[in-house]
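A.B. asks: Structure provided below as structure tokens; questions to follow.
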Amino acid sequence: MLINWKLRELNLKIVYYGPAFSGKTTNLIQIHSKVDSQKRSELISLKTQEDRTLYFDFLQLELGKINGLTPKIHLYTVPGQANYESSRRLVLHGADGVVFVADLGEDSLAANIKAWKNMHGHLISFGIVPASFPMVVQFNKKDLPKAMPYERVADQMQVNGRPKFPAAALQGEGVQDTLRAIIQSVMQNITRQIA
Amino acid sequence: MNEPQEQNPTQLMQKRAFVTPAQQSAIEKIALSLKAKTPARFILVADRNGHVLVFSGDGMANAGMAELAALLAGDLAASQEIARLTGAFQQQQLVLREGEKQNTFLCEAGSDLVLFMQSDSEVPLGWARLLVLEAGGQLAKMQLSSDEQEGPMGFNGDGFKQNLDEAIDGLWH
């Protein structure tokens, strides 16, 4: 978070984290396509030749003036592939909130749990207490024919009291609700800290 | 999963940064002075998370500043990680890209800031590098505060939460 008193700007960083192919980039593509172009930046994607996220995707949202303050929301994704651990850590650093995108595909439970634990490990190493850190969980691909019930995945991951959003991001379902929830959660956290 | 349940405010406060009006003015002065002295085509100062503080110049018509700052911060973070992994890490690292028509400099400016400059290739490389490192050093001395210094920002103002919710809903077509 960066607050610029002279410009009256509040800059926030929200990171979409999760296992490979869970739909992190799809979330940003949907947001980019549905937000008024005056209120967003271009979508930047650093990809491999195989069209997979190599480093990060980036999209900035501008909420306009609210009570004389201009919040700018920076959305990032991390690369999901196993061998990009260093990149994930770099992107996650400095985040004000996280959207964890879990995959409801029947073979994805272990990958979800591994990424979830891995993310917690990084947050703790940054000196952040995960239990009090703004975080929401999106359970994506609910539209798959053999999708696991999201409640079961949430239990296995020990998501506990985190806000949960079943989604079909490719169709845009759940994307907006997830984004709204994480922005609200981040703002509540900031309000608690400094208002 | 073992996870501390108690919030440690000190830990959470470490990652927030405030730029005071005086600091913002000083950053603008350093950046504009560097641009004039070099002379540079373009200057940008951002924080290490890619939030833009100052930019000035032309020739960037196709680049949004938010996107550029995010990429620069990512570029520097990756360069530093490469340096760390290969045992070549040093403070105030400078990444130089020498081009046929332009040279670009990406400089770590302390623990908080990133300085980017683009100059024409006619500008002597050593001169530009010297000035970038000097400006980076000046910026590095400007420690951003993690304490609120300028009073409340309006988070508790009338209807802030409702106005925020409306702004979020207003994002969508």
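The values are calculated or read from the model by the stated rules, or taken from the named source; none is laboratory data. Since we're looking at a predicted model, the values are computed, not measured. Heads up, the Cβs are rebuilt from the backbone with ideal geometry, glycines too, and the neighbour counts pull from every protein chain shown.
A.B. asks: Could you tell me whether B:ARG48 is in contact (Cβ under 8 Å) with a residue 24 or more places away in the chain, on the phi < 0 side of the Ramachandran plot, within 11 Å of another protein chain (Cβ to nearest Cβ) and of a type in the set (Lys, Arg)?
C.D. replies: So B:ARG48 passes the test.
A.B. asks: Out of curiosity, is A:LYS141 away from every other protein chain (no Cβ under 11 Å), more than 13 Å from the chain's Cα centre (by Cα) and on the phi > 0 side of the Ramachandran plot?
C.D. replies: Here the answer is yes, as A:LYS141 does meet what is asked.
A.B. asks: For A:ILE29, all conditions in the list (1) in a strand (DSSP E or B); (2) over 26 Å from A:ILE194 (Cα atoms); (3) more than 11 Å from chain B (Cβ to nearest Cβ) hold save one; what is the number of the exception?
C.D. replies: So A:ILE29 meets the others, but not (1).
A.B. asks: Additional query: Filter segment A:64-110 down to residues that are polar (S, T, N, Q) and buried (at least 18 other Cβ atoms within 10 Å of the Cβ) and give me whichever is farthest from A:PHE21 (Cα to Cα).
C.D. replies: Applying the filter and picking the extreme gives A:SER87.
A.B. asks: B:CYS107 passes all but one of (1) over 17 Å from the mean Cα position of the chain (by Cα); (2) more than 14 Å from chain A (Cβ to nearest Cβ); which number fails?
C.D. replies: Condition not satisfied by B:CYS107: (1).
A.B. asks: Right, here's the next one. For segment A:84-125, what are the residues that are small (Gly, Ala, Ser) and without any contact (Cβ under 8 Å) to a residue 40 or more places away in the chain?
C.D. replies: Passing the criteria: A:SER86, A:SER87, A:ALA110, A:GLY121, A:SER125.
A.B. asks: Does A:GLN188 count as within 14 Å of another protein chain (Cβ to nearest Cβ), more than 15 Å from the chain's Cα centre (by Cα), under 30 Å from A:LEU10 (Cα atoms) and surrounded by fewer than 21 Cβ atoms within 10 Å (Cβ to Cβ)?
C.D. replies: yes
A.B. asks: Sticking with this structure for a sec: Output the strands (runs of 3 or more DSSP E) that fall wholly within segment A:40-118 and possess 1 or more residues being facing chain B (nearest Cβ under 9 Å), or say none.
C.D. replies: Filter on segment A:40-118 gives A:44-47, A:53-62, A:70-77.
A.B. asks: Which ones in segment B:111-134 are within 14 Å of chain A (Cβ to nearest Cβ) and either surrounded by fewer than 14 Cβ atoms within 10 Å (Cβ to Cβ) or not in a strand (DSSP E or B) (or both)?
C.D. replies: B:SER111, B:ASP112
A.B. asks: Hey, A:PHE165 hits all of (1) aromatic (Phe, Trp, Tyr); (2) farther than 29 Å from A:LEU10 by Cβ; (3) touching a helix residue (DSSP H, G or I) at 6+ places or on another chain (Cβ under 7 Å) but one; which does it fall short on?
C.D. replies: Unmet for A:PHE165, out of (1) aromatic (Phe, Trp, Tyr); (2) farther than 29 Å from A:LEU10 by Cβ; (3) touching a helix residue (DSSP H, G or I) at 6+ places or on another chain (Cβ under 7 Å): (2).
Here's the yes/no breakdown for (1) modelled with pLDDT of 95 or more; (2) at the interface with chain A (Cβ under 9 Å from one of its Cβ atoms); (3) in a helix (DSSP H, G or I); (4) surrounded by 15 or more Cβ atoms within 10 Å (Cβ to Cβ):
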| position | (1), (2), (3), (4) |
| --- | --- |
| B:GLU67 | no, yes, yes, yes |
| B:ALA78 | no, yes, yes, yes |
| B:GLU81 | no, yes, yes, yes |
| B:ARG84 | no, no, yes, no |
| B:GLN90 | no, no, no, no |
| B:PRO152 | no, yes, no, no |
| B:PHE155 | no, yes, no, yes |
| B:ASP158 | no, yes, no, no |
| B:ILE168 | no, yes, yes, yes |
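A.B. asks: Continuing with this model, one more query. Determine the pairs where a residue that is closer than 17 Å to A:TYR16 by Cβ, located within segment A:167-195, has a partner that is of a type in the set (Lys, Arg) with Cβ atoms under 7 Å apart, the partner being 6 or more residues away or on another chain.
C.D. replies: A:ALA167/A:LYS142; A:ALA168/A:LYS141; A:ALA168/A:LYS142; A:GLY172/A:LYS34
A.B. asks: Would you confirm whether or not segment A:18-41 contains a residue that is among the aromatic types (Phe, Trp, Tyr), surrounded by 21 or more Cβ atoms within 10 Å (Cβ to Cβ) and modelled with pLDDT of 95 or more?
C.D. replies: No, there is no match, as no residue in segment A:18-41 is among the aromatic types (Phe, Trp, Tyr), surrounded by 21 or more Cβ atoms within 10 Å (Cβ to Cβ) and modelled with pLDDT of 95 or more.
A.B. asks: Within segment A:10-26, how many residues turn out to be under 16 Å from B:GLY50 (Cβ atoms) and more than 8 Å from chain B (Cβ to nearest Cβ)?
C.D. replies: Counting residues in segment A:10-26 that are under 16 Å from B:GLY50 (Cβ atoms) and more than 8 Å from chain B (Cβ to nearest Cβ) gives 4.
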